[in-house]
Amino acid sequence: MINLMVAMPAEARPLIDHMRLKADSRPGPFNLYRNEQCRLLVTGMGQVAMAAGCGWMAGQGEASDDVWLNVGVAGHRSLALGELRVANRISDEQLDRHWYPPQLIDELRGEALRTVMEPSKDYPLSCLYDMEASAFVAICSRFCTSELVQVLKVVSDNQDHPLEHFDVKAAAGLIAHNAPAIASYAAALCELGRGYYQQSEIDGLAEIEQEILARWHFTSTRKTQLHGLLRRWFALAPAGQKPVPFELSACSDAAAFLQQLGRAVDQLPVTVDS
Amino acid sequence: MIRNIYVEEQVRDHPRTQIILERYPAASVIDCNHYGEVFNPNSQSFQLQKQSPSLILANKNAGRVMETPAGYGVGGQRNFYFSHMYNCLYDCRYCFLQGMYRSAHYVIFVNYEDFFADIESTSAEDSHQPSWFFSGYDCDSLAMEPVTGFIAAALPVFARLPEARLEIRTKSTQVRELLAMPPMENCVVAFSFTPDEISRALEHKVPSVEKRIRAIEKLQLHGWRVGLRLDPLIYCDDYSLQYQRLIDLLFSRVQADQVHSVSVGEFRLPRDFFRKMVRIYPREKLFAGPLEQVDGMVSYPESIEASLRQCVLTALREHVADERIFLCA
Ligand code: SF4
């Protein structure tokens, strides 16, 4: 599931249209739009609003395969209006902290970004300027590995078209123009996330583990033992074998079950073939 | 293909930084204050980054030459290691780097001259006995040589230090540079091996056993001293057959009397590294084998280790004298 975090309604609208998201009518503190693969939250402007939005979205806890994307407009000293960039270094001017979201998707050019408290009018450095990204990465990389937490910005003002002339409608147009590229990047990020989350799972293990845990009482030490033995069983057992090699009902309690499973695992052939 | 290069402020103007950047004109260059800002944060995935690692160019300010753990060595009394690089082009499932580091980016420390100065001063501390310097502790010594040029820069330094010994430990076949220069008495090029079937299953992206043997043949023909490293020993049901085959193959091709040393090392990982590796690869058979945890270390039980060791040592002794065989901790 992709979580698209957007500050302004004008930035959100073109993405909602392009991705065909529907408004979530449930009452809540933010405007939320969604489809099967994507949730888009309009957080409001600034770091506090973005932090609150990220926390709220994470708290919804709907998907175990979340990836996070902040999309919005930004200023830049010299890049042309409408240029789309992925932030490869995000600096928080106030905190003097930096984040380096690892770049594994080769679709967009990278650019450094500074998050500032007030809109930047004079572009002192050659980088993007925004008001939310540092809060977004600081919060989201607490609940997701940082490769899957990315920031995309569309240049909406520069030295030749300074912020005083900023026009919300024009900003929406710039996002709309980039919506296909943003959607494509979002799909690639989702794909990366899928591979990541699948790799750390073993098909069928969680189900049998739940079945076993429901049958007897396991202390936390025994739960750890159970998980370790099941992992070994699933790794070593030849394909096509049952999840566990004997009837659960034959064991009287958790200890007896662990003993039997341990013996079965120790008898499995030890090979290295993949 | 390197697509992103992080450059630490301290080395931005270093000539070696410029040379490396020129190799990758299409890469994005990202400034950082200190390499740790990129390499050390908690929330990173080693396996995701392994799909497309970036380069980090940095300065190693301290800890450039370190004493090896007790029991590591090939007969010398003074043993040190150094790492001009963190992480590796290859992807061996048993590699401790994936348990130790959060990031799979390649860190290259470009201040080679500081490493060389530390090697010289460490060697000079005791001129009565040779000091051994092991390269390839936190990386493979030669795999990235075309990019780093580290070994090419280090060899002239060791040529001036006859009392120092250099071991270049590798699984790489990048030996062109070595073949272009005269062999050095105080340098051993040490190749690591596991049996072919194990290598195919566990040593991803590593040149095949056959290719490594060919590299050894060339080096020996050229007069370089070569070492063999059977490290780590990997257990499987037919380990005896597999190791016997590997050792027979090696000694049917390399000149046994010209082999400087053979070392044998056990599979051993700190518990926390092991746990992290299992989290990354929960289906990996290697981690589902008969391993046990004792005093915070994960390894095969002593009975299995002893059988493995005995089998390998017996096979080796058919080809090499005992004094050239070393057990490494
Ligand atoms: S060659 Fe050595 S350093 Fe590289 S991945 Fe394999 S074990 Fe690790």
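The values are calculated or read from the model by the stated rules, or taken from the named source; none is laboratory data. In this text, all values refer to a predicted model and were calculated from it rather than measured experimentally. Counting neighbours? That spans all protein chains shown, and the Cβs are built from the backbone with ideal geometry, glycine included. With ligands, DNA and RNA removed, areas are computed over all heavy atoms of the protein, side chains included. Shrake-Rupley method; radii C 1.70, N 1.55, O 1.52, S 1.80 Å.
For (1) surrounded by 18 or more Cβ atoms within 10 Å (Cβ to Cβ); (2) more than 16 Å from the ligand (Cβ to nearest atom); (3) farther than 17 Å from B:Arg245 by Cα, each residue gets a yes or a no:
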site: B:Ile168; (1), (2), (3): yes, no, yes
site: B:Leu179; (1), (2), (3): no, yes, yes
site: B:Pro182; (1), (2), (3): no, yes, yes
site: B:Glu203; (1), (2), (3): yes, no, yes
site: B:Ser208; (1), (2), (3): no, no, no
site: B:Ala215; (1), (2), (3): yes, no, yes
site: B:Gln220; (1), (2), (3): yes, yes, yes
site: B:Leu228; (1), (2), (3): yes, no, no
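For B:Ala27, are the conditions met, namely being closer than 23 Å to A:Tyr100 by Cα, away from the ligand (no atom under 16 Å from the Cβ) and not acidic (Asp, Glu)?
Values: closer than 23 Å to A:Tyr100 by Cα: yes; away from the ligand (no atom under 16 Å from the Cβ): yes; not acidic (Asp, Glu): yes.
Spelling it out, B:Ala27 is indeed closer than 23 Å to A:Tyr100 by Cα, away from the ligand (no atom under 16 Å from the Cβ) and not acidic (Asp, Glu).
The number of residues in the range A:250-274 being among the small types (Gly, Ala, Ser), farther than 18 Å from B:Phe287 by Cβ and in a loop (DSSP other than H, G, I, E, B) comes to 1. Taking (1) closer than 15 Å to B:Ser172 by Cα; (2) open to solvent by less than 40 Å² (accessible area, probe 1.4 Å); (3) assigned to a helix (DSSP H, G or I); (4) touching a residue at least 40 places away in the same chain (Cβ under 8 Å) in turn, B:Leu286 satisfies each apart from (1). Screening the candidates B:Asp114, B:Asp126 for the property of being among the acidic types (Asp, Glu), at pLDDT 95 or above and away from the ligand (no atom under 16 Å from the Cβ) yields one hit, B:Asp114.
Among the residues of the range B:47-101, write down those that are charged (D, E, K, R), more than 16 Å from the ligand (Cβ to nearest atom) and assigned to a loop (DSSP other than H, G, I, E, B).
Start the filter on the range B:47-101 by keeping residues that are charged (D, E, K, R), which leaves B:50, B:60, B:64, B:67, B:78, B:91, B:93.
Subset that is more than 16 Å from the ligand (Cβ to nearest atom): B:60, B:64, B:67, B:78.
Listed by number, the residues that qualify are B:Lys60, B:Arg64.
Please tell me if B:Ile247 is open to solvent by less than 10 Å² (accessible area, probe 1.4 Å), closer than 22 Å to B:Asp91 by Cα and either touching a strand residue (DSSP E or B) at 6+ places or on another chain (Cβ under 6 Å) or part of a helix (DSSP H, G or I) (or both). In short, no. A residue that is part of a helix (DSSP H, G or I) and either in contact with a Lys or Arg (Cβ under 7 Å, 6 or more places away or on another chain) or within 14 Å of chain B (Cβ to nearest Cβ) (or both) can be found somewhere in the range A:161-182. Scanning the range B:258-283 for residues that are modelled with pLDDT of 95 or more, crowded, with 16+ Cβ neighbours inside 10 Å and in a helix (DSSP H, G or I) yields B:Phe273, B:Phe274, B:Lys276, B:Met277, B:Val278.
Look through the range A:240-259, keep the residues that are closer than 14 Å to A:Ala214 by Cβ and open to solvent by 60 Å² or more (accessible area, probe 1.4 Å), and return whichever of them is modelled with the highest pLDDT. Looking at the filtered set, the residue picked out is A:Asp253.
Scanning for something within 15 Å of the ligand (Cβ to nearest atom), open to solvent by 50 Å² or more (accessible area, probe 1.4 Å) and out of contact with any Ser or Thr (no Cβ under 9 Å at 6 or more places or on another chain), does the range B:186-195 turn up at least one residue? Among the residues of the range B:186-195, not one is within 15 Å of the ligand (Cβ to nearest atom), open to solvent by 50 Å² or more (accessible area, probe 1.4 Å) and out of contact with any Ser or Thr (no Cβ under 9 Å at 6 or more places or on another chain), which makes the answer no.
Of all residues in the range A:197-228, which are of a type in the set (Gly, Ala, Ser) and assigned to a helix (DSSP H, G or I)? Within the range A:197-228, A:Ala206, A:Ala214, A:Ser220, A:Gly228 qualify. Considering the conditions (1) open to solvent by less than 80 Å² (accessible area, probe 1.4 Å); (2) without any contact (Cβ under 8 Å) to a residue 12 or more places away in the chain; (3) out of contact with any strand residue (DSSP E or B) (no Cβ under 8 Å at 6 or more places or on another chain), A:Pro162 is excluded by exactly one of them, (2). Taking each residue of the range A:53-67 that is assigned by TED's automatic domain parsing to the domain that holds A:Ala188 and looking for partners that are among the small types (Gly, Ala, Ser) and open to solvent by less than 30 Å² (accessible area, probe 1.4 Å) with beta-carbon atoms closer than 6 Å, six or more apart or interchain, yields A:Asp65/A:Gly193; A:Val67/A:Gly193.
Selection of the range B:41-56 for residues being surrounded by fewer than 20 Cβ atoms within 10 Å (Cβ to Cβ) and facing chain A (nearest Cβ under 9 Å) yields B:Pro41, B:Asn42, B:Ser43, B:Gln47, B:Gln51, B:Ser52. Among the residues of the range B:232-239, none qualifies, meaning not one is away from every other protein chain (no Cβ under 14 Å), without any contact (Cβ under 8 Å) to a residue 12 or more places away in the chain and more than 22 Å from the chain's Cα centre (by Cα).
Going through (1) part of a helix (DSSP H, G or I); (2) within 16 Å of the ligand (Cβ to nearest atom); (3) buried (at least 17 other Cβ atoms within 10 Å of the Cβ) one by one, B:Asp138 falls short only on (1).
Checking B:Val147 against (1) part of a helix (DSSP H, G or I); (2) within 14 Å of the ligand (Cβ to nearest atom); (3) farther than 20 Å from B:Arg225 by Cα, which test does it fail? Result: B:Val147 passes all but (2).
Scanning the range A:104-120 for residues that are within 15 Å of A:Lys153 (Cα to Cα) and within 12 Å of chain B (Cβ to nearest Cβ) yields A:Glu107, A:Leu108, A:Arg109, A:Gly110, A:Glu111, A:Ala112, A:Leu113.
Where residues in the range A:187-216 are over 16 Å from A:Cys144 (Cα atoms) and at pLDDT 95 or above, which of them is least open to solvent (accessible area, probe 1.4 Å)? The residue in question is A:Ala188. For A:Gly195, the conditions (1) out of contact with any helix residue (DSSP H, G or I) (no Cβ under 7 Å at 6 or more places or on another chain); (2) more than 9 Å from chain B (Cβ to nearest Cβ) are fulfilled apart from (2). Restricted to helices (runs of 4 or more DSSP H) entirely inside the range B:150-207, those with at least 3 residues that are under 15 Å from B:Trp132 (Cα atoms) and at pLDDT 95 or above are B:150-159. What are the residues in the range A:86-106 that are open to solvent by less than 20 Å² (accessible area, probe 1.4 Å) and over 15 Å from B:Arg3 (Cα atoms), if any? Passing the criteria: A:Ile90, A:Ser91, A:Asp92.
Restricting attention to the range B:8-40, the residues that are buried (at least 16 other Cβ atoms within 10 Å of the Cβ), within 11 Å of chain A (Cβ to nearest Cβ) and outside any helix (DSSP H, G or I) add up to 5. Out of curiosity, is B:Ala154 within 16 Å of the ligand (Cβ to nearest atom), open to solvent by less than 10 Å² (accessible area, probe 1.4 Å) and over 30 Å from B:Asp237 (Cβ atoms)? Here the answer is no, as B:Ala154 does not meet what is asked.
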